[in-house]
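Notes follow the structure.
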Amino acid sequence: MPDPTASRPDMPGYLDGAEAELLPWSWAESRLRDAHNYWMATHTPEGGPHLAPVWGVWDGAHLFVATGTRSKKARNLQHDPRCTLATEDAEEAVMVEGLAAPISDTDAEHYFVLYEAKYGSRPPSGDGWVVTPRTAFGFIEHADQFSRTATRWRW
């Protein structure tokens, strides 16, 4: 997957007139790779939000998320594959919006090896979802950096 294109996000009132200093995609990738926990937002069949912490791995193109096939997250993704994942660090945050699909038998070993290297064990029951990013956002919360470094990446 080629690197996404960086631009300024549309944030009226926050970024108006701020000098831009776009973050490099390598900055976002290092945070996606190194995060221990992620926050995952899904949609319930009734249209409501659902937010839950998950473990996952970034392989340079996709986020693999471990969750049981009967979990609320998995049931929500079966209904609507759109989701958002965010790294655990809100001071240097990366959020990824994308589409999730159940892990395929073909891809399972690739992600299970990465997952085991990161967490020391295989995912429970071998369950999981692979999220293909469509848009990502990065923010540095420190002092004046938020308005200067707010970055959106699109594939």
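When the residues of segment 124-150 are narrowed to those that are of a type in the set (Val, Ile, Thr) and in contact with a helix residue (DSSP H, G or I) (Cβ under 8 Å, 6 or more places away or on another chain), which ends up nearest to residue 6 (Cα to Cα)? Quick ask: steps written out before the conclusion?
Here is the first cut: in segment 124-150, the ones of a type in the set (Val, Ile, Thr) are 130-132, 135, 140, 149.
Next, only the ones that are in contact with a helix residue (DSSP H, G or I) (Cβ under 8 Å, 6 or more places away or on another chain) stay: 130, 140.
Working: 130: 23, 140: 15 Å.
Per the stated criteria, the residue is 140.
Tell me the residue from 53, 49, 9, 4 that is at pLDDT 95 or above and closer than 20 Å to residue 155 by Cβ, please.
Details: 53 fails: closer than 20 Å to residue 155 by Cβ; 49 fails: closer than 20 Å to residue 155 by Cβ; 9 fails: at pLDDT 95 or above.
Of the residues listed, the single one that is at pLDDT 95 or above and closer than 20 Å to residue 155 by Cβ is 4.
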Report task. Take the residues in segment 42-63 that are of a type in the set (A, V, I, L, M, F, W, C) and within 10 Å of the chain's Cα centre (by Cα), then tell me which one is farthest from residue 118 (Cα to Cα). Result -> 63
Query raised in the report: Regarding residue 98, is this residue in contact with a Ser or Thr (Cβ under 6 Å, 6 or more places away or on another chain), modelled with pLDDT of 95 or more and not basic (Lys, Arg)?
Result: yes
Report summary line: Reported set for segment 53-65 where residues are out of contact with any Ser or Thr (no Cβ under 8 Å at 6 or more places or on another chain), surrounded by 15 or more Cβ atoms within 10 Å (Cβ to Cβ) and either of a type in the set (A, V, I, L, M) or closer than 21 Å to residue 90 by Cα (or both) is 55, 56, 57, 58, 63, 64, 65
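Out of the residues in segment 101-136 meeting the condition of being charged (D, E, K, R) and modelled with pLDDT of 95 or more, tell me which one is farthest from residue 70 (Cα to Cα). Don't jump to the end; show me each part of the working.
Within segment 101-136, the subset charged (D, E, K, R) is 105, 107, 109, 116, 118, 122, 127, 134.
The next check asks that each one be modelled with pLDDT of 95 or more; those that pass are 116, 118, 134.
Numbers: 116: 22, 118: 24, 134: 26 Å.
Per the stated criteria, the residue is 134.
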**Report entry** Within segment 121-155, considering residues that are of a type in the set (A, V, I, L, M, F, W, C) and not in a strand (DSSP E or B), the one surrounded by the most Cβ atoms within 10 Å (Cβ to Cβ)
**Finding:** 150
Query raised in the report: Which condition breaks for residue 112 when tested against (1) more than 14 Å from the chain's Cα centre (by Cα); (2) in a loop (DSSP other than H, G, I, E, B)?
Result: (2)
Report summary line: For residue 48, the lone unmet condition from (1) loosely packed, with under 14 Cβ neighbours inside 10 Å; (2) within 19 Å of residue 134 (Cβ to Cβ) is (2)
Query raised in the report: Is there a residue being touching a residue at least 24 places away in the same chain (Cβ under 8 Å) and closer than 30 Å to residue 10 by Cβ anywhere in segment 103-115?
Result: no
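Residue by residue, here is whether (1) at positive phi; (2) basic (Lys, Arg); (3) touching a Gly at 6+ places or on another chain (Cβ under 7 Å) holds:
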residue	(1), (2), (3)
40	no, no, no
47	yes, no, no
70	no, yes, no
81	no, no, no
84	no, no, no
88	no, no, no
91	no, no, no
121	no, no, no
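The values are calculated or read from the model by the stated rules, or taken from the named source; none is laboratory data. Only a predicted model underlies this, so the values are computations on that prediction, with no experimental measurement involved. Using ideal geometry, Cβ is built from the backbone for each residue, glycine included, and neighbour counts are taken over all protein chains shown.
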